[in-house]
2 protein chains.
Amino acid sequence: MTAAPSEDDLLHALAAGDRRALARAITLVESRRPEDIRRAHALLDAVLPKTGRARRIGVSGPPGAGKSTLIEALGLHVTGLGLKLAVLAVDPSSTRSGGSILGDKTRMAELAQAPLAYIRPSPSRGALGGVAERTREAMLLCEAAGFDVVIVETVGVGQSEVAVADMVDLFALILAPGGGDELQGIKRGIVELAELVIVNKADGDLIGTAQHLAAEYVAALSLLRPLSPAWKPEVVLCSALAREGIAEVWATMERQRAALEGAGELARRRRGQARDWLWRQVSEGVVAALRADAGTRALAQALEAQVEAGTLSTAAAADRLIAAFRTKA
Amino acid sequence: MTAAPSEDDLLHALAAGDRRALARAITLVESRRPEDIRRAHALLDAVLPKTGRARRIGVSGPPGAGKSTLIEALGLHVTGLGLKLAVLAVDPSSTRSGGSILGDKTRMAELAQAPLAYIRPSPSRGALGGVAERTREAMLLCEAAGFDVVIVETVGVGQSEVAVADMVDLFALILAPGGGDELQGIKRGIVELAELVIVNKADGDLIGTAQHLAAEYVAALSLLRPLSPAWKPEVVLCSALAREGIAEVWATMERQRAALEGAGELARRRRGQARDWLWRQVSEGVVAALRADAGTRALAQALEAQVEAGTLSTAAAADRLIAAFRTKA
């Protein structure tokens, strides 16, 4: 193995748009080794001035809605316009298996060949509560590497969507006819996050049901208060497979961005997101520090034994451990 | 308003099986007021010796599988056997809306009338990472109140299932024909947690597809390593609507319990769960302490401002805040 590149080398290669440097930088920020964490923090501080220029788009939807096909079609359209596109996947799969049934090896094969596109598969980690743990940092690194558009794709419908919606400029929901609301399992809370609903598979025999589904969502969205007064959520029909309506999807995304930017809402939204992310990192960091703390290890073992034996409640044990941690800095 | 009952009064009423005391106690452990947290911890310590006797069962499945109907049918069967049953719902809905599209007011109307049943609707809270935050405590309170069976029901398929599987003796997955694997969105990781797969809606025209789905899961489960050598996951067909096969579902649950108990696995599993829960509570507690800490509040505000302005990375800001928290105990 060759020696790890210095932060400076990595920073310069990253700024030059080097894909391997980007992949290495993302791997670095995903690492949990203390030495890597220190290096990652230095790198993130250094790239900070180079971030903020990309369009940040979250894309979600139930399994079967055709997310991959749509992102591929949209990606080919966007790179066709000369824009550099990065796709980051977030898969909140189980801590046990670390992967969904649908593998992602063969996904977006055509987009993966596009010179302007970079696709980062889902990281294998994913502790409970750690959904999208380093996705925001990966997004910032893509921006520093000169990408114009970053799409964050989530698999599944639940907490990861909320986390992703809190780091992008636009959260888009992809649906397809056939499932029906109930089977698609879309929660009201997820729909409320969407500023764009894309009804996919509007082709062949499904056109009628797709139009019906779109009309239902137009009606549903009109009942919800928009996230911003500057933009009313829209519903767009398309067929990713037939590559129809994709330009309209992108045009709507660009209109949403212009509307938010014009109202000063984009900058405001990003400031709030940075603040929220700070507190997520504080939470993760303080827990990691406590678990790694040598000073409280013996106490932790004793408390664990009492909790396992059922002689002490977990709440009381937790209180004692936290108090000990704070006084042994 | 009347004065809040003392811990002693609440404890005695709870031990006597008083429903209102149970509801109050669960509300108390769900509260975030510092004074309530102190009282809740005292109550949990006091009830600890009275816990551990109930069968703890987690039930999950995709929307449309008929979870509510099945839990109602199973609940009526179980209470018909003279057992006291509590149903706790966990809904990992959004932080924004706090509810799924399917309301739960009209759910399980018949079971709600059964004298031996207690149904606790989903709490309105649900911070990111806080799925099922107090569900384990609510379960322990139900045990202290003399319930023989506690069913923890999750809505949605994702992280909450992992959290619930980590607090029960048996995690059961409910499926129904018609959706197909893809649309049902069942992740491999969730299937791996299931020691019982219940194929519901095996009635009328769906019998054939239900049998087919059951056979698929028998095959799929045979490829997975069982969670315990004492029990191989089983697949049971039933129709909650027609109230057919429900006795067999319950009998299988009881066989699983006997198998685990005989192998010493039940006690081992619960010890591990208590230890894991301790660490979850330590995580939550230390974060809460940091956010409430007066000594670091001014620093936090200054760091927030720098992060919002983009002059400091969230990672560096988080590091500094954690260091300050530890030295200002």
Can you tell me how many residues in segment B:1-31 are loosely packed, with under 12 Cβ neighbours inside 10 Å and in a loop (DSSP other than H, G, I, E, B)? 5
Output the residue which, of all residues in segment B:145-165 that are touching a Pro at 6+ places or on another chain (Cβ under 9 Å) and of a type in the set (A, V, I, L, M), is modelled with the highest pLDDT. B:ALA163
Please determine, by comparing only the residues of segment B:39-68 that are under 19 Å from B:ILE151 (Cβ atoms) and among the hydrophobic types (A, V, I, L, M, F, W, C), which one is nearest to the other protein chains (Cβ to nearest Cβ). B:ALA65
Is segment B:264-271 home to any residue that is in contact with a helix residue (DSSP H, G or I) (Cβ under 7 Å, 6 or more places away or on another chain) and small (Gly, Ala, Ser)? no
The helices (runs of 4 or more DSSP H) lying entirely within segment A:184-272 that contain at least 2 residues which are surrounded by fewer than 18 Cβ atoms within 10 Å (Cβ to Cβ) are A:207-223, A:246-262
Those residues of segment A:304-324 that are at the interface with another protein chain (Cβ under 7 Å from one of its Cβ atoms), buried (at least 17 other Cβ atoms within 10 Å of the Cβ) and either part of a helix (DSSP H, G or I) or not polar (S, T, N, Q) (or both) come to a total of 11
Quick one: A:ALA292 ticks every box in (1) over 20 Å from A:LEU173 (Cβ atoms); (2) surrounded by 18 or more Cβ atoms within 10 Å (Cβ to Cβ) bar one, so which box is it? (2)
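The values are calculated or read from the model by the stated rules, or taken from the named source; none is laboratory data. Quick caveat: nothing in here was measured; it's all calculated off a predicted structure. Neighbour counts are summed over all protein chains in view; Cβ atoms, including those assigned to glycine, are modelled from backbone coordinates with ideal geometry.
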